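Before any comments, here is the structure.
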Amino acid sequence: MSDSILQWLRSFIPQKTAVDRFERMRASAGALFGILLTGLLSYVILPHSAATVWLIAPMGASAVLLFAVPSSPLAQPWSIIGGNLVAALVGVSCAKLIGEPALAAALAIALAIACMFALRCIHPPSGAVALTAVLGGPAVHGMGYGFVLSPVLLNSFLLLAMALFFNNATRRRYPHAQQSEHRNNVHQTHDVAPSSRLGFTHEDLDAVLRRYNQVLDISRDDLEEILQQTEMEAYRRRFGETVCADIMSADVVAVEFSTELAEAWRQMRSHRLQALPVVDRARRVIGIVTKTDFLQHAGTHDYEKLGDKLRSFLQRTPHTHSIKAEVVGQIMSKSVKTASVHLPIVQLVPLMADEGVHQIPVIDDERRLAGMVTQSDMVAALYVNNLTRARGGLRAVAS
């Protein structure tokens, strides 16, 4: 009996957090910054009198959400503004209409929760706002519905402004997207993205969430991302850490910014390549040029005249000044995606499968071009990994 009681008591002990020391310090500093400036600005804006309430206690609870868990659906701008607004209105109304404080407080909380559900602005500290409106004493009661505007909305807007500045300044995305964005097919067809055709789908997650039927303190897109990253981590554990250096082509044909277009096109044709990385003199990647870049800049919309237009585009202009592109640097894509030689190839799967990237330059520790990974390299590597695992399983069965 004693063991079962101890086990039951241990269940109340929270698990260790995975948040590092920097994030804890960041959240604490944010709360200090937010509450201090919210209080000081409210004190400056509001009239100075003994009856003025310039900072309400529920803002402390809001600060915990906005700075410690800014990705939570409960901490988003509409949650704090809408939740505090509706809770203050409900609380003041209950205080005016119901003479018994205990009943007024209970109804204020219940109605505030119902309204927040209806308006999709659940914010736990708003319950304290409703309670403050009922039990705040003569100073709060004397303000009437003015309590809704000042200090509730004033405090809420100021604290939200502090959260918007501080979270983004410390590299925490805020506001946080609360609706999962389905990745569109880059080919503009109705098929779902390739990586979504296996494993769980958006519909699977929706079905599970409906059965779970509880409010989650995490946005749907974050939950989906965590599950996908978990699948990727499990794949990495099962199939080993094959990195880009293991599968890349090291003898890479590259061009420079000043390489003439005709020469770059000749290199593509002779080596049967779809793209060429563009490097500087230190072999650092500064862009990439693809066959698509050539066709787009040649204006090959009329396919009957494609050959003539492409030849004219590749031919160097005889005079000095020309508005036509003459060298690779004028048509290359500067926003090139690169991968480190140490990057596990499993992390390239979503990029190549869903975003239509066919080849990725691989760079070394000094950011110099070390090789190229293509979709063909990826298919071969994943095939070999699966084949090796299957053979290992057969040997285990046979033994």
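The values are calculated or read from the model by the stated rules, or taken from the named source; none is laboratory data. This one's a predicted model, so the numbers in the text were calculated from it and none came from an experiment. Methodologically, a virtual Cβ is constructed for each residue, glycine included, from the backbone with ideal geometry; neighbour enumeration extends over all protein chains shown.
When we screen LEU74, LEU89 for residues that are in the same structural domain as LEU164 (by TED's automatic domain parsing) and within 30 Å of ALA18 (Cβ to Cβ), the only hit is LEU74. Evaluated against (1) small (Gly, Ala, Ser); (2) in contact with a Lys or Arg (Cβ under 8 Å, 6 or more places away or on another chain); (3) free of Cβ contacts under 8 Å to residues at least 40 places away in the same chain, SER71 falls short on exactly one condition, (3). Screening PHE117 on (1) among the aromatic types (Phe, Trp, Tyr); (2) within 23 Å of ILE35 (Cβ to Cβ); (3) without any contact (Cβ under 8 Å) to a residue 40 or more places away in the chain shows it passes everything except condition (2).
Going through (1) part of a loop (DSSP other than H, G, I, E, B); (2) out of contact with any Gly (no Cβ under 8 Å at 6 or more places or on another chain) one by one, LEU55 falls short only on (2).
Within the stretch 165-183, is even one residue at pLDDT below 65 and assigned to a helix (DSSP H, G or I)? Scanning the stretch 165-183 turns up no residue that is at pLDDT below 65 and assigned to a helix (DSSP H, G or I). Evaluate the following for GLY99: is it more than 30 Å from the chain's Cα centre (by Cα), in a loop (DSSP other than H, G, I, E, B) and either of a type outside the set (A, V, I, L, M, F, W, C) or not assigned by TED's automatic domain parsing to the domain that holds LEU159 (or both)? Yes, satisfied.
Only one entry of GLY34, GLY30, GLY91 meets the criterion of being assigned to a helix (DSSP H, G or I), on the phi < 0 side of the Ramachandran plot and free of Cβ contacts under 8 Å to residues at least 60 places away in the same chain, and that entry is GLY91. Scanning the stretch 279-294 for residues that are more than 19 Å from HIS358 (Cα to Cα) and not acidic (Asp, Glu) turns up ARG281, ALA282, ARG283, ARG284. Residue by residue through the stretch 354-385, note down the ones that are touching a Pro at 6+ places or on another chain (Cβ under 7 Å) and closer than 17 Å to GLN274 by Cα. Listed by number, the residues that qualify are PRO361, MET372. Summed over the stretch 236-255, the residues that are surrounded by fewer than 16 Cβ atoms within 10 Å (Cβ to Cβ) and out of contact with any Pro (no Cβ under 8 Å at 6 or more places or on another chain) give a count of 8.
This table checks each residue for (1) at pLDDT below 85; (2) surrounded by fewer than 17 Cβ atoms within 10 Å (Cβ to Cβ); (3) in a strand (DSSP E or B).
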| position | (1), (2), (3) |
| --- | --- |
| LEU276 | no, no, yes |
| VAL285 | no, no, yes |
| SER312 | yes, yes, no |
| THR317 | yes, yes, no |
| LYS324 | yes, yes, no |
| VAL346 | yes, no, no |
| ASP365 | no, yes, no |
| ALA370 | no, no, yes |
| SER376 | yes, yes, no |
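In the stretch 92-104 there is no residue that is within 24 Å of LEU65 (Cα to Cα) and surrounded by fewer than 21 Cβ atoms within 10 Å (Cβ to Cβ).
Yes/no matrix, rows are residues, columns are (1) farther than 20 Å from ALA380 by Cα; (2) assigned to a loop (DSSP other than H, G, I, E, B); (3) at pLDDT 85 or above; (4) outside the structural domain of TYR383 (by TED's automatic domain parsing):
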| residue | (1), (2), (3), (4) |
| --- | --- |
| ASP206 | yes, no, yes, yes |
| ARG210 | yes, no, yes, yes |
| ILE218 | yes, yes, no, yes |
| ASP221 | yes, no, no, yes |
| GLU224 | yes, no, no, yes |
| GLN228 | yes, no, no, yes |
| MET232 | no, no, no, yes |
| ARG236 | no, no, no, yes |
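Of the candidates VAL53, VAL19, VAL69, VAL86, the single residue that is surrounded by 15 or more Cβ atoms within 10 Å (Cβ to Cβ) and within 20 Å of LEU216 (Cα to Cα) is VAL69.
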